[in-house]
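The values are calculated or read from the model by the stated rules, or taken from the named source; none is laboratory data. Only a predicted model underlies this, so the values are computations on that prediction, with no experimental measurement involved. Cβ placement follows ideal geometry from the backbone for every residue including glycine, while neighbour counts extend to all protein chains displayed. Accessible surface areas use protein heavy atoms only, side chains included; no ligands, DNA or RNA. Shrake-Rupley method; radii C 1.70, N 1.55, O 1.52, S 1.80 Å.
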Amino acid sequence: EAFSLSERNISGFRLRHKSMAGRVGPGDRFVCYMTKFSRWIGVLEVESTSFIDEAPVFYPENDPFVVRFHVRPIVWLSRELSLPIHDRKVWDTLSWTKGHAQAGSAWTGKFRTSLLQMPDDDGKFLEQLLLFCGQAVLPLCPMLVLDIVQCLYTSIGICMIFRLCRHC
């Protein structure tokens with residue numbers, strides 16, 4: 001949530017990720033996952049190599065995220081519009097979760113470490129879903145968000161539904 005409150009032009013990681021950060025470069029993309037909420041929230045394009053900066057960005061003091069990158073948001077959703085990993089369409093498509101029981105913990109290992117490289121197909125799939133949610137639902141009534149996201153997950157392609165909202 002600290003990134004959501006920032007200017008969203010710098011992404012940061014803990015110092016223990018310095019070595020992995022060295023493998024990331026301009027043009028790479030971060031697909032962002034909120035572990036506490038088990039939801040995909042955004043995609044960031046990396047615009048620099050990693051650098052160390054201890055100036056507070058995400059916390060007013062003792063900011064632990066000192067391994068940083070300049071980034072550009074491709075899409076960044078509010079928590080309310082973010083994509084739940086446990087949605088059946090998402091779960092059954094991602095290579096890291098497909099075939100694992102949702103109630104189990106066998107799938108969680110990949111989500112405990114930042115900067116792991118995600119398979120390209122998974123990244124493209126999530127980026128498309130996140131972009132759709134960011135573009136298609138914003139002008140609509142928030143009460144329709146669940147209907148539209150459900151429609152998206154159950155369709156083969158991008159499903160655009162515009163209908164009058166009984167809540168407005």
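Before moving on, here are some points about what is shown:
- Simple spin-label estimate for His86 and Gln117 in nanometres, 7 Å along Cα-Cβ: 3.2
- Cross-link reach list, lysines versus Lys89, counting only Cα pairs under 23 Å and skipping chain neighbours closer than eight places: Lys36, Lys98, Lys110, Lys124
- According to the Kirkwood relation over distinct C-alpha pairs, the hydrodynamic radius of segment 42-137 is 15.6 Å.
- Sequentially through segment 13-20, phi angles give Karplus couplings (6.51, -1.76, 1.60; θ = phi - 60°) of 9, 5, 4, 5, 9, 4, 5, 5 Hz, Gly and Pro residues having no value and appearing as x.
- Per principal axis, descending, Cα span of segment 9-94 in whole Å: 40, 28, 22
- Per residue accessible area of segment 39-111, 1.4 Å probe, in Å²: 50
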